[in-house]
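The values are calculated or read from the model by the stated rules, or taken from the named source; none is laboratory data. Because the structure is predicted, anything quoted here is derived from the model rather than measured. Note that each Cβ is placed from the backbone with ideal geometry, even for glycine, and that neighbours are counted across all protein chains shown. The protein model used for the area step is the full one, side chains on, heavy atoms only, and it has no ligands, DNA or RNA in it. Shrake-Rupley method; radii C 1.70, N 1.55, O 1.52, S 1.80 Å.
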Amino acid sequence: MKKKKEKNQYSLINNIAFYLKKLYEFQPSIIFIMVLQVILAVTLPLFTIYMPKLLVDLATNHVSVEKFIIVFGGFSVAYIVFSTVASYARNGTYFDYNLFRKYLMYYVFRKSLRIPYKDTEGGKHRDEYWGAIDNLRNGDWSPSSRFYSTVPVFLIFVLNFLIYSSILGNLNVFILILLVAISLINYFFMEIERKLVRKLQPKMDDLGKKMEYIKYSSSGNGENSPAKDIRIFHLGTWIKEKEEKLVHEKKKYLMKIMNKEFFRRNIGFFLRFFRDGIVYMYLINQAVYGNITLGDFVLYIGAIHGFSDFVNGIIENLQELFSASDMAQTYRKYFDLQEEDVEQGTVTIDDMKYPLDIEFKNVSFSYDGKNDILKNLTFIFMVVKKLQLSVSMEQEKRPL
(Lines give C-alpha, C1' and ligand atoms only; values in the text may rest on other atoms or scores of the structure.)
Protein backbone atom coordinates (compact mmCIF):
# COMPACT_ATOMS: atom_id res chain seq x y z
CA MET A 1 0.00 0.00 0.00
CA LYS A 2 1.35 3.42 -0.94
CA LYS A 3 2.39 5.52 2.03
CA LYS A 4 0.47 8.77 2.38
CA LYS A 5 2.64 11.89 2.19
CA GLU A 6 2.96 13.73 5.49
CA LYS A 7 1.33 17.16 5.41
CA ASN A 8 3.47 20.14 6.39
CA GLN A 9 2.81 21.27 9.95
CA TYR A 10 3.43 24.94 9.17
CA SER A 11 1.82 26.73 6.23
CA LEU A 12 3.63 29.12 3.90
CA ILE A 13 1.84 32.16 5.43
CA ASN A 14 2.73 30.95 8.93
CA ASN A 15 6.40 30.54 7.99
CA ILE A 16 6.60 33.98 6.35
CA ALA A 17 5.02 35.59 9.45
CA PHE A 18 7.49 33.73 11.67
CA TYR A 19 10.41 34.80 9.50
CA LEU A 20 9.37 38.49 9.49
CA LYS A 21 8.91 38.42 13.27
CA LYS A 22 12.39 36.96 13.82
CA LEU A 23 13.86 39.39 11.30
CA TYR A 24 12.33 42.32 13.19
CA GLU A 25 13.73 40.95 16.47
CA PHE A 26 17.15 40.64 14.84
CA GLN A 27 17.29 44.14 13.30
CA PRO A 28 14.15 46.31 12.94
CA SER A 29 15.77 48.69 10.44
CA ILE A 30 15.98 45.88 7.86
CA ILE A 31 12.18 45.85 7.56
CA PHE A 32 12.24 49.57 6.67
CA ILE A 33 14.95 48.99 4.04
CA MET A 34 12.99 46.10 2.54
CA VAL A 35 9.85 48.26 2.28
CA LEU A 36 11.89 51.00 0.59
CA GLN A 37 13.34 48.39 -1.79
CA VAL A 38 9.86 47.21 -2.74
CA ILE A 39 8.55 50.75 -3.39
CA LEU A 40 11.52 51.69 -5.59
CA ALA A 41 11.51 48.38 -7.46
CA VAL A 42 7.83 48.85 -8.30
CA THR A 43 8.47 52.38 -9.58
CA LEU A 44 11.47 51.62 -11.82
CA PRO A 45 9.67 49.38 -14.39
CA LEU A 46 7.12 52.15 -14.93
CA PHE A 47 10.00 54.42 -15.98
CA THR A 48 11.16 51.84 -18.54
CA ILE A 49 7.78 51.49 -20.27
CA TYR A 50 6.79 55.17 -20.14
CA MET A 51 10.16 56.52 -21.33
CA PRO A 52 9.76 55.22 -24.96
CA LYS A 53 6.16 56.52 -25.01
CA LEU A 54 7.41 59.89 -23.75
CA LEU A 55 10.03 60.09 -26.52
CA VAL A 56 7.53 59.15 -29.24
CA ASP A 57 4.92 61.63 -27.95
CA LEU A 58 7.50 64.45 -27.79
CA ALA A 59 8.64 63.68 -31.34
CA THR A 60 5.14 63.36 -32.85
CA ASN A 61 3.96 66.57 -31.16
CA HIS A 62 6.99 68.48 -32.57
CA VAL A 63 7.92 70.10 -29.27
CA SER A 64 10.77 72.57 -29.08
CA VAL A 65 14.32 71.45 -28.31
CA GLU A 66 14.27 73.29 -24.96
CA LYS A 67 11.09 71.54 -23.84
CA PHE A 68 12.43 68.18 -25.06
CA ILE A 69 15.63 68.62 -23.00
CA ILE A 70 13.74 69.72 -19.88
CA VAL A 71 11.12 66.95 -19.96
CA PHE A 72 13.35 64.09 -21.07
CA GLY A 73 16.28 65.29 -18.92
CA GLY A 74 14.13 65.53 -15.80
CA PHE A 75 12.67 62.09 -16.49
CA SER A 76 16.17 60.62 -16.94
CA VAL A 77 17.55 62.23 -13.76
CA ALA A 78 14.61 60.90 -11.75
CA TYR A 79 15.23 57.40 -13.15
CA ILE A 80 18.95 57.52 -12.28
CA VAL A 81 18.22 58.67 -8.71
CA PHE A 82 15.57 56.00 -8.14
CA SER A 83 17.81 53.32 -9.66
CA THR A 84 20.79 54.30 -7.48
CA VAL A 85 18.78 54.30 -4.26
CA ALA A 86 17.16 50.95 -5.19
CA SER A 87 20.58 49.41 -5.85
CA TYR A 88 21.86 50.70 -2.50
CA ALA A 89 18.85 49.27 -0.67
CA ARG A 90 19.24 45.91 -2.41
CA ASN A 91 22.98 45.63 -1.75
CA GLY A 92 22.60 46.92 1.79
CA THR A 93 20.37 44.03 2.78
CA TYR A 94 22.56 41.38 1.10
CA PHE A 95 25.20 41.48 3.82
CA ASP A 96 22.60 41.14 6.57
CA TYR A 97 20.94 37.89 5.64
CA ASN A 98 24.03 35.80 6.46
CA LEU A 99 24.11 37.45 9.88
CA PHE A 100 20.39 36.71 10.23
CA ARG A 101 21.06 33.04 9.43
CA LYS A 102 23.76 32.96 12.15
CA TYR A 103 21.26 34.56 14.53
CA LEU A 104 18.78 31.74 13.88
CA MET A 105 21.52 29.12 14.39
CA TYR A 106 22.33 30.70 17.75
CA TYR A 107 18.61 30.69 18.57
CA VAL A 108 18.51 26.93 17.89
CA PHE A 109 21.45 26.45 20.25
CA ARG A 110 19.80 28.53 22.99
CA LYS A 111 16.63 26.51 22.49
CA SER A 112 18.60 23.30 23.15
CA LEU A 113 19.49 24.70 26.59
CA ARG A 114 15.83 25.26 27.50
CA ILE A 115 14.13 22.03 26.46
CA PRO A 116 14.16 18.91 28.72
CA TYR A 117 17.61 17.32 28.95
CA LYS A 118 16.40 13.91 27.77
CA ASP A 119 15.16 15.52 24.55
CA THR A 120 18.50 17.27 23.99
CA GLU A 121 20.65 14.20 24.50
CA GLY A 122 18.81 11.56 22.54
CA GLY A 123 15.97 10.39 20.39
CA LYS A 124 13.96 12.30 17.83
CA HIS A 125 14.66 15.79 19.20
CA ARG A 126 18.42 15.34 19.02
CA ASP A 127 18.05 14.49 15.32
CA GLU A 128 15.76 17.52 14.91
CA TYR A 129 18.43 19.72 16.51
CA TRP A 130 21.11 18.66 14.04
CA GLY A 131 18.57 18.75 11.22
CA ALA A 132 17.79 22.40 12.08
CA ILE A 133 21.50 23.30 12.29
CA ASP A 134 22.31 21.55 8.99
CA ASN A 135 19.30 23.28 7.44
CA LEU A 136 20.65 26.70 8.38
CA ARG A 137 24.20 25.82 7.29
CA ASN A 138 23.07 25.65 3.66
CA GLY A 139 24.13 29.25 2.98
CA ASP A 140 22.12 30.93 0.22
CA TRP A 141 20.06 27.72 -0.07
CA SER A 142 18.97 27.82 3.58
CA PRO A 143 15.27 28.66 4.22
CA SER A 144 16.06 31.90 6.07
CA SER A 145 18.23 33.21 3.20
CA ARG A 146 15.66 32.19 0.61
CA PHE A 147 12.82 33.88 2.54
CA TYR A 148 15.01 36.96 3.01
CA SER A 149 15.72 37.34 -0.70
CA THR A 150 12.40 36.08 -2.11
CA VAL A 151 9.67 37.74 -0.01
CA PRO A 152 10.47 41.33 -1.18
CA VAL A 153 10.83 40.19 -4.80
CA PHE A 154 7.51 38.36 -4.64
CA LEU A 155 5.78 41.52 -3.32
CA ILE A 156 7.39 43.56 -6.11
CA PHE A 157 6.06 41.20 -8.77
CA VAL A 158 2.56 41.18 -7.25
CA LEU A 159 2.33 44.99 -7.08
CA ASN A 160 3.70 45.36 -10.63
CA PHE A 161 1.19 42.75 -11.81
CA LEU A 162 -1.67 44.84 -10.41
CA ILE A 163 -0.35 48.08 -11.94
CA TYR A 164 0.26 46.55 -15.38
CA SER A 165 -3.14 44.83 -15.28
CA SER A 166 -4.78 48.24 -14.99
CA ILE A 167 -2.73 49.50 -17.98
CA LEU A 168 -3.53 46.51 -20.21
CA GLY A 169 -7.15 46.43 -19.03
CA ASN A 170 -7.64 49.72 -20.84
CA LEU A 171 -6.48 48.02 -24.06
CA ASN A 172 -8.53 44.83 -24.13
CA VAL A 173 -9.61 42.64 -21.23
CA PHE A 174 -9.38 39.51 -23.41
CA ILE A 175 -5.67 40.17 -24.02
CA LEU A 176 -5.23 40.35 -20.24
CA ILE A 177 -7.08 37.03 -19.78
CA LEU A 178 -4.95 35.39 -22.50
CA LEU A 179 -1.71 36.49 -20.82
CA VAL A 180 -2.84 35.19 -17.43
CA ALA A 181 -4.05 31.88 -18.91
CA ILE A 182 -0.74 31.21 -20.67
CA SER A 183 1.17 31.99 -17.49
CA LEU A 184 -1.04 29.59 -15.49
CA ILE A 185 -0.35 26.80 -17.99
CA ASN A 186 3.35 27.50 -17.52
CA TYR A 187 2.86 27.31 -13.75
CA PHE A 188 1.20 23.90 -14.09
CA PHE A 189 4.36 22.44 -15.64
CA MET A 190 6.54 24.21 -13.04
CA GLU A 191 4.46 22.60 -10.28
CA ILE A 192 5.07 19.14 -11.76
CA GLU A 193 8.81 19.86 -11.65
CA ARG A 194 8.57 21.10 -8.05
CA LYS A 195 6.77 17.95 -6.91
CA LEU A 196 9.49 15.79 -8.44
CA VAL A 197 12.19 17.80 -6.65
CA ARG A 198 10.29 17.55 -3.37
CA LYS A 199 9.97 13.78 -3.82
CA LEU A 200 13.64 13.19 -4.65
CA GLN A 201 15.20 15.73 -2.23
CA PRO A 202 15.08 13.44 0.89
CA LYS A 203 16.74 10.65 -1.10
CA MET A 204 19.49 12.98 -2.34
CA ASP A 205 20.00 14.32 1.21
CA ASP A 206 20.40 10.76 2.49
CA LEU A 207 22.92 10.00 -0.24
CA GLY A 208 24.78 13.21 0.63
CA LYS A 209 25.09 12.16 4.28
CA LYS A 210 26.44 8.74 3.29
CA MET A 211 28.97 10.31 0.91
CA GLU A 212 30.04 12.77 3.62
CA TYR A 213 30.51 9.90 6.08
CA ILE A 214 32.66 7.97 3.60
CA LYS A 215 34.72 11.11 2.96
CA TYR A 216 35.23 11.66 6.69
CA SER A 217 36.01 7.98 7.37
CA SER A 218 38.68 7.94 4.69
CA SER A 219 40.28 11.26 5.59
CA GLY A 220 42.22 10.16 8.68
CA ASN A 221 40.84 13.09 10.71
CA GLY A 222 39.88 12.65 14.34
CA GLU A 223 41.03 10.26 17.04
CA ASN A 224 38.34 7.70 16.22
CA SER A 225 38.76 7.82 12.44
CA PRO A 226 38.58 4.35 10.85
CA ALA A 227 41.06 5.37 8.13
CA LYS A 228 43.81 3.31 9.78
CA ASP A 229 41.64 0.17 9.79
CA ILE A 230 40.69 0.79 6.16
CA ARG A 231 44.37 0.66 5.21
CA ILE A 232 45.19 -2.34 7.45
CA PHE A 233 42.35 -4.48 6.12
CA HIS A 234 42.69 -3.26 2.49
CA LEU A 235 39.18 -1.83 2.33
CA GLY A 236 40.14 1.02 -0.02
CA THR A 237 38.72 -0.67 -3.12
CA TRP A 238 35.48 -1.50 -1.33
CA ILE A 239 35.13 2.10 -0.07
CA LYS A 240 35.77 3.43 -3.59
CA GLU A 241 33.11 1.14 -5.08
CA LYS A 242 30.61 2.28 -2.43
CA GLU A 243 31.35 5.93 -3.15
CA GLU A 244 31.02 5.46 -6.93
CA LYS A 245 27.70 3.68 -6.42
CA LEU A 246 26.38 6.57 -4.30
CA VAL A 247 27.60 9.16 -6.84
CA HIS A 248 25.93 7.23 -9.67
CA GLU A 249 22.65 7.01 -7.74
CA LYS A 250 22.66 10.74 -6.94
CA LYS A 251 23.47 11.53 -10.58
CA LYS A 252 20.43 9.47 -11.62
CA TYR A 253 18.13 11.59 -9.43
CA LEU A 254 19.69 14.83 -10.69
CA MET A 255 19.20 13.73 -14.31
CA LYS A 256 15.50 13.12 -13.64
CA ILE A 257 15.16 16.67 -12.31
CA MET A 258 17.17 18.16 -15.19
CA ASN A 259 15.09 16.32 -17.81
CA LYS A 260 11.87 17.59 -16.22
CA GLU A 261 13.31 21.13 -16.12
CA PHE A 262 14.36 20.87 -19.80
CA PHE A 263 10.84 19.80 -20.80
CA ARG A 264 9.27 22.61 -18.77
CA ARG A 265 11.57 25.25 -20.30
CA ASN A 266 10.70 24.12 -23.84
CA ILE A 267 7.00 24.32 -23.05
CA GLY A 268 7.57 27.83 -21.67
CA PHE A 269 9.38 28.87 -24.87
CA PHE A 270 6.48 27.64 -27.03
CA LEU A 271 3.90 29.43 -24.85
CA ARG A 272 5.82 32.73 -25.03
CA PHE A 273 6.10 32.42 -28.83
CA PHE A 274 2.35 31.78 -29.10
CA ARG A 275 1.56 34.69 -26.74
CA ASP A 276 3.77 37.23 -28.52
CA GLY A 277 2.43 36.27 -31.97
CA ILE A 278 -1.22 36.85 -31.03
CA VAL A 279 -0.60 40.04 -29.04
CA TYR A 280 1.65 41.66 -31.64
CA MET A 281 -0.86 40.95 -34.41
CA TYR A 282 -3.60 42.59 -32.33
CA LEU A 283 -1.51 45.69 -31.51
CA ILE A 284 -0.36 46.17 -35.10
CA ASN A 285 -3.97 45.92 -36.26
CA GLN A 286 -5.07 48.54 -33.71
CA ALA A 287 -2.24 50.89 -34.70
CA VAL A 288 -2.87 50.52 -38.45
CA TYR A 289 -6.56 51.36 -38.09
CA GLY A 290 -5.81 54.32 -35.82
CA ASN A 291 -7.45 52.92 -32.69
CA ILE A 292 -4.28 53.61 -30.66
CA THR A 293 -1.55 56.20 -31.08
CA LEU A 294 2.06 55.34 -31.90
CA GLY A 295 3.04 56.31 -28.35
CA ASP A 296 0.39 53.98 -26.89
CA PHE A 297 1.56 51.20 -29.24
CA VAL A 298 5.09 51.47 -27.79
CA LEU A 299 3.67 51.63 -24.24
CA TYR A 300 1.53 48.51 -24.67
CA ILE A 301 4.42 46.55 -26.23
CA GLY A 302 6.55 47.28 -23.16
CA ALA A 303 3.66 46.61 -20.78
CA ILE A 304 2.90 43.20 -22.33
CA HIS A 305 6.52 42.08 -21.98
CA GLY A 306 6.63 43.40 -18.44
CA PHE A 307 3.26 41.90 -17.51
CA SER A 308 4.27 38.43 -18.68
CA ASP A 309 7.57 38.69 -16.82
CA PHE A 310 5.73 39.71 -13.66
CA VAL A 311 3.25 36.83 -13.91
CA ASN A 312 6.11 34.38 -14.44
CA GLY A 313 7.99 36.07 -11.59
CA ILE A 314 5.04 35.63 -9.24
CA ILE A 315 4.81 31.95 -10.15
CA GLU A 316 8.56 31.27 -9.89
CA ASN A 317 8.94 33.14 -6.60
CA LEU A 318 5.83 31.50 -5.19
CA GLN A 319 7.41 28.17 -6.06
CA GLU A 320 10.63 29.30 -4.35
CA LEU A 321 8.69 30.33 -1.23
CA PHE A 322 6.88 26.98 -1.08
CA SER A 323 10.21 25.17 -1.44
CA ALA A 324 11.76 27.28 1.34
CA SER A 325 8.67 26.66 3.48
CA ASP A 326 9.09 22.90 2.99
CA MET A 327 12.70 23.13 4.19
CA ALA A 328 11.76 25.40 7.12
CA GLN A 329 9.58 22.69 8.69
CA THR A 330 12.69 21.17 10.34
CA TYR A 331 13.75 24.13 12.44
CA ARG A 332 10.20 25.38 12.99
CA LYS A 333 9.37 22.10 14.76
CA TYR A 334 12.44 22.49 16.96
CA PHE A 335 11.65 26.12 17.77
CA ASP A 336 8.20 25.12 19.05
CA LEU A 337 9.35 22.38 21.45
CA GLN A 338 8.18 22.66 25.05
CA GLU A 339 10.64 24.57 27.24
CA GLU A 340 11.53 24.13 30.89
CA ASP A 341 11.86 27.00 33.34
CA VAL A 342 15.65 26.91 33.42
CA GLU A 343 15.82 29.64 36.05
CA GLN A 344 13.68 27.91 38.65
CA GLY A 345 15.63 26.33 41.54
CA THR A 346 19.06 27.09 40.05
CA VAL A 347 22.06 29.18 41.09
CA THR A 348 25.01 30.36 39.06
CA ILE A 349 28.40 28.73 39.41
CA ASP A 350 29.80 31.91 40.92
CA ASP A 351 27.16 31.75 43.68
CA MET A 352 28.25 28.28 44.78
CA LYS A 353 30.29 27.95 47.96
CA TYR A 354 33.07 25.37 48.04
CA PRO A 355 33.58 22.67 49.11
CA LEU A 356 30.25 21.18 48.04
CA ASP A 357 28.85 17.69 47.48
CA ILE A 358 27.51 16.40 44.17
CA GLU A 359 25.16 13.44 44.56
CA PHE A 360 24.17 10.89 41.90
CA LYS A 361 21.21 8.78 42.93
CA ASN A 362 19.91 5.72 41.06
CA VAL A 363 21.57 6.79 37.79
CA SER A 364 21.04 4.47 34.81
CA PHE A 365 22.31 4.88 31.25
CA SER A 366 21.95 2.97 27.99
CA TYR A 367 22.91 3.75 24.39
CA ASP A 368 20.26 1.56 22.81
CA GLY A 369 17.55 1.68 25.50
CA LYS A 370 17.92 -2.05 26.15
CA ASN A 371 21.38 -2.83 27.56
CA ASP A 372 22.25 -0.73 30.62
CA ILE A 373 25.86 0.44 30.88
CA LEU A 374 25.08 2.05 34.24
CA LYS A 375 22.23 0.79 36.40
CA ASN A 376 20.92 2.32 39.63
CA LEU A 377 24.29 3.89 40.37
CA THR A 378 24.38 5.99 43.56
CA PHE A 379 27.39 7.91 44.90
CA ILE A 380 28.50 11.26 46.33
CA PHE A 381 31.75 13.10 45.75
CA MET A 382 33.10 16.33 47.18
CA VAL A 383 34.11 19.25 44.97
CA VAL A 384 36.67 21.56 46.53
CA LYS A 385 37.02 23.88 43.52
CA LYS A 386 35.49 24.52 40.11
CA LEU A 387 35.82 21.64 37.63
CA GLN A 388 35.66 21.56 33.87
CA LEU A 389 34.84 18.31 32.07
CA SER A 390 35.80 18.38 28.38
CA VAL A 391 35.49 15.79 25.62
CA SER A 392 37.02 15.86 22.14
CA MET A 393 34.42 16.78 19.52
CA GLU A 394 35.41 13.75 17.43
CA GLN A 395 34.67 11.36 20.30
CA GLU A 396 31.30 10.11 21.43
CA LYS A 397 30.12 11.42 24.78
CA ARG A 398 30.99 9.00 27.56
CA PRO A 399 28.68 8.37 30.51
CA LEU A 400 30.08 10.06 33.58
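Scanning region 233-257 for residues that are more than 32 Å from the chain's Cα centre (by Cα) and either at pLDDT 85 or above or not in a helix (DSSP H, G or I) (or both) yields a total of 3. Within region 198-232, if we keep just the residues that are at pLDDT below 75 and in contact with a Lys or Arg (Cβ under 8 Å, 6 or more places away or on another chain), the residue that is surrounded by the fewest Cβ atoms within 10 Å (Cβ to Cβ) turns out to be G220.
Quick grid of which residues meet (1) surrounded by 10 or more Cβ atoms within 10 Å (Cβ to Cβ); (2) under 30 Å from A132 (Cβ atoms); (3) modelled with pLDDT of 65 or more:
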| position | (1), (2), (3) |
| --- | --- |
| Y334 | yes, yes, yes |
| V342 | yes, yes, no |
| G345 | no, yes, no |
| D357 | no, no, yes |
| S366 | yes, yes, yes |
| G369 | no, yes, yes |
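Only one of Y19, Y24 is under 19 Å from the mean Cα position of the chain (by Cα), over 28 Å from I301 (Cβ atoms) and open to solvent by 30 Å² or more (accessible area, probe 1.4 Å); which? Explain how you work it out, then say what you get.
Working: Y19 fails: open to solvent by 30 Å² or more (accessible area, probe 1.4 Å).
Just a single option satisfies the conditions, and that option is Y24.
Considering region 46-101, the residues that are more than 38 Å from the chain's Cα centre (by Cα) and closer than 29 Å to F157 by Cβ include one that is modelled with the highest pLDDT, namely G74.
Here is the figure for region 280-324: residues that are more than 39 Å from the chain's Cα centre (by Cα) and assigned to a helix (DSSP H, G or I) total 12. Taking region 102-123 as the range and being more than 14 Å from D336 (Cα to Cα) and either open to solvent by 90 Å² or more (accessible area, probe 1.4 Å) or at pLDDT 80 or above (or both) as the test, the residues that pass are K102, Y103, M105, Y106, Y117, K118.
Any idea how many residues of region 62-76 are open to solvent by 90 Å² or more (accessible area, probe 1.4 Å) and more than 19 Å from L294 (Cα to Cα)?
Final tally of qualifying residues: 5.
For the criterion of being open to solvent by 40 Å² or more (accessible area, probe 1.4 Å), assigned to a loop (DSSP other than H, G, I, E, B) and among the polar types (S, T, N, Q), N266 fails. For region 158-171, the set of residues classified as touching a residue at least 40 places away in the same chain (Cβ under 8 Å) and open to solvent by 40 Å² or more (accessible area, probe 1.4 Å) consists of V158, L159, F161, I163, listed by residue number. Residues that are modelled with pLDDT under 80 and of a type outside the set (A, V, I, L, M) were ranked within region 183-192; the one that is most open to solvent (accessible area, probe 1.4 Å) is Y187. Screening A41, A59 for residues that are in a helix (DSSP H, G or I), open to solvent by less than 50 Å² (accessible area, probe 1.4 Å) and either out of contact with any helix residue (DSSP H, G or I) (no Cβ under 9 Å at 6 or more places or on another chain) or not acidic (D, E) (or both) leaves exactly one candidate, A41.
Of the residues making up region 124-139, those that are exposed (fewer than 15 other Cβ atoms within 10 Å of the Cβ) and at pLDDT below 75 are K124, R126, D127, N138, G139.
Each row is one residue, and each column tells you yes or no for (1) aliphatic (A, V, I, L, M); (2) without any contact (Cβ under 8 Å) to a residue 12 or more places away in the chain; (3) within 27 Å of F154 (Cα to Cα).
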{"residue": "Y289", "(1), (2), (3)": "no, yes, no"}
{"residue": "L294", "(1), (2), (3)": "yes, no, no"}
{"residue": "D309", "(1), (2), (3)": "no, yes, yes"}
{"residue": "R332", "(1), (2), (3)": "no, no, yes"}
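When the residues of region 291-332 are filtered to those that are under 30 Å from Y280 (Cα atoms) and aromatic (F, W, Y), the one that is surrounded by the fewest Cβ atoms within 10 Å (Cβ to Cβ) is F297.
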